[in-house]
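The values are calculated or read from the model by the stated rules, or taken from the named source; none is laboratory data. Note that the coordinates shown come from a computational prediction; the quantities given were computed from them, not determined experimentally. Neighbour counts are summed over all protein chains in view; Cβ atoms, including those assigned to glycine, are modelled from backbone coordinates with ideal geometry. What goes into the accessible areas is simple: the full protein's heavy atoms, side chains included, and nothing from ligands, DNA or RNA. Shrake-Rupley method; radii C 1.70, N 1.55, O 1.52, S 1.80 Å.
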Amino acid sequence: MEKFDEYQVIKERLKGAIEYLDQTRPGLIDFLAAPKKSIVVNFPVQMDDGSVRVFQGYRVVHNRANGPGKGGIRYHPQLSSQEVASLAALMTWKCALINVPFGGAKGGVCCDTKSLSQNELRRITRRFISELGDDIGPHTDVPAPDLYTNERTMAWIYDTYDIMHPGRNNRPVVTGKPIDLGGSEGRRAATAQGCLYAVQRFLQRIAIPGLAALEDSRIAIQGYGNVGANAARLFHQSGAVIVAISDSQGGIFCKTGLNLDEVDKHKRQQGTVVGLPETMSITNNDLLQLDCDIVIPAATSNQIHADNAAAVRAKLVVEAGNAPVTPEANAILTRKGIYVLPDILVNAGGVTASYFEWVQNIENEQWTLAEINQKLKNRMNHAVDAVVAKWQMLQEKVDAAGEKAKSDNDDPATNTIVDLHTSALVVALERLLITIEERGIWP
Ligand code: GLU
């Protein structure tokens, strides 16, 4: 059984990409492999019933070569420092790939938001941010929303930091805020919007048999949080048929397409999509293996792994969540001819809109939704083009080397297939290595 040591996955992804990098000083790769700074805090919170509970929180800055640390804060009962560190590394790569002047960071608190009241969540958030103190800041490390945190959480973060640092513009300390507090138009839907732009661009660039465009394509979406729910709506508006959706309690399937208004209503009333009338109940694993054109895992990591990857039947897997496909599964899917659009590319829309929010906050400006989406589209298109170009270039290089080995040694060519995951990471690492070399190693 494939092991899911979260940081090991990062190391494996890194190892896969390093072999395609031109000569580089090995120490620089070591620098990119390990997180720069990891903080663990344990803090007490008074609960509504008067009892006191201790919570554990984390903040990891993985790298700051390109700018302040940037990345979400997630609240989850199974959160570990390993997972936070791995998500911070993904942020470093994502920011480099989408070309925003940020490094990578991530944080979170180990807690189950479903069993906590709003008042308890507010106290947890304020206490956590006060524990982090000056480890976050508008020009050092800038948090944002992630799983089970939202605009309200970001408002508390801003307010807490602002009270602790009076007398200056603190709005850029956190992104994903409510619009009235300096949040940006389009930020809430930006991850899904960026994902849509990336998929549309990819389908324009690469001819996938039976999947020329999104119109009438059948899509299954795993996860119905901010990313999954917005992706369902946006892909549907672009002509796709959403045949299946799931959340942490299970999934629903309807061959002719789900009615998204009904799904939303049911989720609001019942707290889950499961049980929507006139749909078939399926498991999260069934959803990933459905006979459809595109699968979008938009939930937690390691969902497509060595044990279920061979059963995936979609033509395209779109990693809207972070690390939903393990390295071994990625290799299996690639060998099967299934394209995997990597997380650091397709879910970079969220941090891109966060960057727009940060710039607006620094300039005290408010851009329109049309401006935001146009800028987002340009960046997503550029990033997709860069990954596709790198992928084609690496494949040609590998093929030429294989042919040469064959004629030199009379060995059969090895037929190495370069995948999109690796290509995206090569683009990101090359950019990071240039920055690090140009800055020089201090002192
Ligand atoms: N949490 C999001 C991510 O994983 C967004 C991070 C940000 O906006 O800083 O990409």
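Tell me, please, whether a residue that is in a helix (DSSP H, G or I), open to solvent by less than 10 Å² (accessible area, probe 1.4 Å) and not acidic (Asp, Glu) can be found in segment 411-418. No. If you check Asn119, Asn169 for being assigned to a loop (DSSP other than H, G, I, E, B), among the polar types (S, T, N, Q) and open to solvent by 50 Å² or more (accessible area, probe 1.4 Å), only one passes: Asn169. Being in contact (Cβ under 8 Å) with a residue 24 or more places away in the chain, within 16 Å of the ligand (Cβ to nearest atom) and either closer than 30 Å to Thr416 by Cβ or not in a loop (DSSP other than H, G, I, E, B) (or both): is that true of Ile296 here? For Ile296, the condition - in contact (Cβ under 8 Å) with a residue 24 or more places away in the chain, within 16 Å of the ligand (Cβ to nearest atom) and either closer than 30 Å to Thr416 by Cβ or not in a loop (DSSP other than H, G, I, E, B) (or both) - is met. Of everything in segment 293-307, what is acidic (Asp, Glu) and under 16 Å from Val9 (Cβ atoms)? Give them in sequence order. Correct list: Asp307 only. Across segment 51-64, which residue is farthest from the ligand (Cβ to nearest atom) among those that are in contact (Cβ under 8 Å) with a residue 12 or more places away in the chain and surrounded by fewer than 21 Cβ atoms within 10 Å (Cβ to Cβ)? Among those that are in contact (Cβ under 8 Å) with a residue 12 or more places away in the chain and surrounded by fewer than 21 Cβ atoms within 10 Å (Cβ to Cβ), it is Val54.
Checked against the criterion of being hydroxyl-bearing (Ser, Thr, Tyr) and open to solvent by 10 Å² or more (accessible area, probe 1.4 Å), segment 92-114 contains one or more residues that satisfy it. Output the residue which, of all residues in segment 70-84 that are open to solvent by 10 Å² or more (accessible area, probe 1.4 Å) and part of a helix (DSSP H, G or I), is farthest from Asn150 (Cα to Cα). Of everything passing the filter in segment 70-84, Gln82 is farthest from Asn150 (Cα to Cα).
In segment 332-341 there is no residue that is open to solvent by 20 Å² or more (accessible area, probe 1.4 Å) and within 16 Å of the ligand (Cβ to nearest atom). Reported count of residues in segment 205-263, each being open to solvent by 40 Å² or more (accessible area, probe 1.4 Å), of a type outside the set (A, V, I, L, M) and assigned to a loop (DSSP other than H, G, I, E, B), is 10. Being away from the ligand (no atom under 16 Å from the Cβ) and open to solvent by less than 50 Å² (accessible area, probe 1.4 Å) is a description that does not apply to Asp307. Evaluation of Thr334 against the conditions (1) at pLDDT 95 or above; (2) under 13 Å from the mean Cα position of the chain (by Cα); (3) more than 30 Å from Arg168 (Cβ to Cβ) shows that the sole unmet condition is (2). Being out of contact with any Phe, Trp or Tyr (no Cβ under 8 Å at 6 or more places or on another chain), modelled with pLDDT of 95 or more, among the small types (Gly, Ala, Ser) and not in a helix (DSSP H, G or I) is the requirement here; does Ala310 meet it? Spelling it out, it is not the case that Ala310 is out of contact with any Phe, Trp or Tyr (no Cβ under 8 Å at 6 or more places or on another chain), modelled with pLDDT of 95 or more, among the small types (Gly, Ala, Ser) and not in a helix (DSSP H, G or I).
Answer yes or no as to whether Ala320 is within 27 Å of Val9 (Cα to Cα), within 16 Å of the ligand (Cβ to nearest atom), modelled with pLDDT of 95 or more and assigned to a loop (DSSP other than H, G, I, E, B). Answer is yes for this residue.
Close contacts from segment 362-388, counting a first residue that is charged (D, E, K, R) and a second that is open to solvent by less than 80 Å² (accessible area, probe 1.4 Å), with Cβ to Cβ under 7 Å and a gap of 6+ residues or different chains, come to Lys375/Phe356; Lys377/Tyr197; Arg379/Ile98; Arg379/Thr352. Going by what's in this entry, would Thr153 be described as more than 15 Å from the ligand (Cβ to nearest atom) and either in contact (Cβ under 8 Å) with a residue 60 or more places away in the chain or assigned to a helix (DSSP H, G or I) (or both)? Considered against the rule, which asks whether it is more than 15 Å from the ligand (Cβ to nearest atom) and either in contact (Cβ under 8 Å) with a residue 60 or more places away in the chain or assigned to a helix (DSSP H, G or I) (or both), Thr153 comes out as no.
Taking the stated definitions as given, is Asp48 open to solvent by 50 Å² or more (accessible area, probe 1.4 Å), without any contact (Cβ under 8 Å) to a residue 24 or more places away in the chain and not in a strand (DSSP E or B)? Considered against the rule, which asks whether it is open to solvent by 50 Å² or more (accessible area, probe 1.4 Å), without any contact (Cβ under 8 Å) to a residue 24 or more places away in the chain and not in a strand (DSSP E or B), Asp48 comes out as no. Taking every residue in segment 425-443 that is farther than 15 Å from Glu19 by Cβ and pairing it with any residue that is not in a helix (DSSP H, G or I), at least 6 positions away or on another chain, the pairs with Cβ-Cβ distances below 6 Å are Leu432/Ala65; Thr435/Ala65; Thr435/Asn66; Ile436/Ala65. Per the listing Val61, Val9, Val54, Val40, the residue uniquely in contact with a Phe, Trp or Tyr (Cβ under 6 Å, 6 or more places away or on another chain) and either at pLDDT below 95 or of a type in the set (Val, Ile, Thr) (or both) is Val40. Taking the criterion of being in a helix (DSSP H, G or I) and open to solvent by 70 Å² or more (accessible area, probe 1.4 Å), the residues of segment 354-376 that qualify are Ile362, Glu363, Leu369, Ala370, Glu371, Gln374, Lys375.
The single condition among (1) free of Cβ contacts under 8 Å to residues at least 24 places away in the same chain; (2) surrounded by 19 or more Cβ atoms within 10 Å (Cβ to Cβ) that Gly349 does not meet is (1). Looking only at residues that are of a type outside the set (Val, Ile, Thr) and crowded, with 20+ Cβ neighbours inside 10 Å in segment 310-326, which one is farthest from the chain's Cα centre (by Cα)? Per the stated criteria, the residue is Ala314.
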